[in-house]
Each structure stands twice: as C-alpha cells, then as structure tokens.
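Scroll down for the structure; my scribbles are underneath it.
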Amino acid sequence: ESRRIFVPVMGGPSVGKSAFLFSSIQQMIDQKETDTNFSAEPFDPVSKRDYASIVNALKAGLPPEKTREMIPRAFNLALSKKGKLEYLLYLYDPAGEAYQETNQLTLHGYNGYSSGMIFIIDPFSIPTVREKYKSQLARHSDIRPSELPIGDALERLIITLEADFGLSKKGQIKRPLAIVFSKADAFDLESIIGETAVDRAFNGWK
C-alpha cells in the first residue's frame, strides 16, 4: 500500500556516487523525524547489511568499495510517519563505467519510471579544473579524479533519457533533478563551489 519512489544516482566512474548515496541515507536515518517528518530505515536484510558495512567504513574514513554492477540492485529505504510505512524509496547506484557506453545505459529500465534523478559531478572531471589542480592532485592519490569528462557522461545520459522517454530532440522530461558537486572539500574548492561560495553568492544577490 505504500507509494514507491525510484531515484537513480547518476554520474561517471569515480565521481563519488556511492559515498554520496550512503552519506545521504545515514543523514536521513540519523535525523529521524526532526527535519523531514519521516523516520527512515533500510527495508530489507540485504540493504541493512550493506548500510551497516559501508557506514562503518565511512566513519573510519574509508570510501565505499567501487560499484561494479552495470545494472545495479536497488538499495531499499523505508520511510515511515508515526509508525506507518508511507513510502518505499528505491535508490540505484550503477557503476560509473556504464556511462562510457550508451548501450550500457539503455539497459537501465528504471530510467523510464524514475521519480527524480540525482546527477553527481566530480569537478576534477572538468579538464580546466583538473589542469589547475594538477600538482595538488599528484600529491593526493586518494582523490581519484573521474577519467570520464563531464560533457561525455552528460551527453550519453541525455541520449539514453531521450530513448527511455521517447522524446524528440526538443522534448523535456518532467522530473525533478538534483545536481551535486562532489569532492568540494578538496583544496580550496569549498570557497569556490561549496556552501561558503553559495552563501556568498546569495548574499551578493540580495
């Protein structure tokens, strides 16, 4: 009887999709009903096991293991209000390598009935940004910039969505989309694209 919500987390290889996904899930679970009016918890035994394993690793400062499944199994999150299950949230985290080939993305059947989409951008996948921080990146191998240029990942995603929704070249998909920049805590990016920069920009517009 609960409503089902399908949300893919999209982006190229090594952009930080898994870290974002499980950090967001942890935040939803820890907040309880204080901010969202919903309590959240993993819905099935596999999701509970994956959540415990990955969150423990994140707390220890370790990134999640690389996603290898081109067509991923959903992580299922139950959203309840006053003890009653209201929504089942299905979160998909495909391997970033799927974005290197358009035909791999066409196999993702959930795109056609997604409730919304999250697109993760690694700023270091932008050639000019990677060049600017070239020397710093050479000293920090843990950052692992995505090798797939953001333009290529986006172009293949758009082609796939056009096919999934049967759109013309000028058609529009009426789904909410969140664009998230990952790795904004690296070097001085916080002051350029992070919350500090956003607050500064908003204050300048007022």
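Return a yes/no flag: does segment 121-133 have any residue that is within 26 Å of residue 24 (Cβ to Cβ), open to solvent by 60 Å² or more (accessible area, probe 1.4 Å) and free of Cβ contacts under 8 Å to residues at least 12 places away in the same chain.
no
Going through segment 1-32 one residue at a time, which ones are open to solvent by less than 30 Å² (accessible area, probe 1.4 Å) and more than 13 Å from the chain's Cα centre (by Cα)?
Within segment 1-32, 2, 29 qualify.
Only one of these is open to solvent by 50 Å² or more (accessible area, probe 1.4 Å) and either modelled with pLDDT under 85 or part of a helix (DSSP H, G or I) (or both): 94, 72, 63. Name it.
Only one candidate qualifies: 63.
If you take the residues in segment 99-110 that are crowded, with 17+ Cβ neighbours inside 10 Å and over 14 Å from the mean Cα position of the chain (by Cα), which one is modelled with the highest pLDDT?
Within segment 99-110, the match that is modelled with the highest pLDDT is 110.
Within segment 134-148, which residues are part of a helix (DSSP H, G or I) and open to solvent by 60 Å² or more (accessible area, probe 1.4 Å)?
Once the filter is applied, which keeps residues that are part of a helix (DSSP H, G or I) and open to solvent by 60 Å² or more (accessible area, probe 1.4 Å), segment 134-148 yields 134, 135, 138, 139, 141, 142.
Just one of 53, 39, 47 is of a type in the set (S, T, N, Q), open to solvent by less than 20 Å² (accessible area, probe 1.4 Å) and at pLDDT 80 or above; which is it?
Selected residue: 47, the only one of 53, 39, 47 that is of a type in the set (S, T, N, Q), open to solvent by less than 20 Å² (accessible area, probe 1.4 Å) and at pLDDT 80 or above.
Among the candidates 171, 151, which residue alone is assigned to a loop (DSSP other than H, G, I, E, B) and free of Cβ contacts under 8 Å to residues at least 24 places away in the same chain?
Checking each option against the conditions leaves just 171.
The values are calculated or read from the model by the stated rules, or taken from the named source; none is laboratory data. Values in this document were obtained by computation on a predicted structure and should not be read as measured data. Cβ sites come from the backbone with ideal geometry, for glycine too, and all protein chains shown count toward neighbours. We work out accessible area using only protein heavy atoms, side chains counted, and drop any ligands, DNA or RNA first. Shrake-Rupley method; radii C 1.70, N 1.55, O 1.52, S 1.80 Å.
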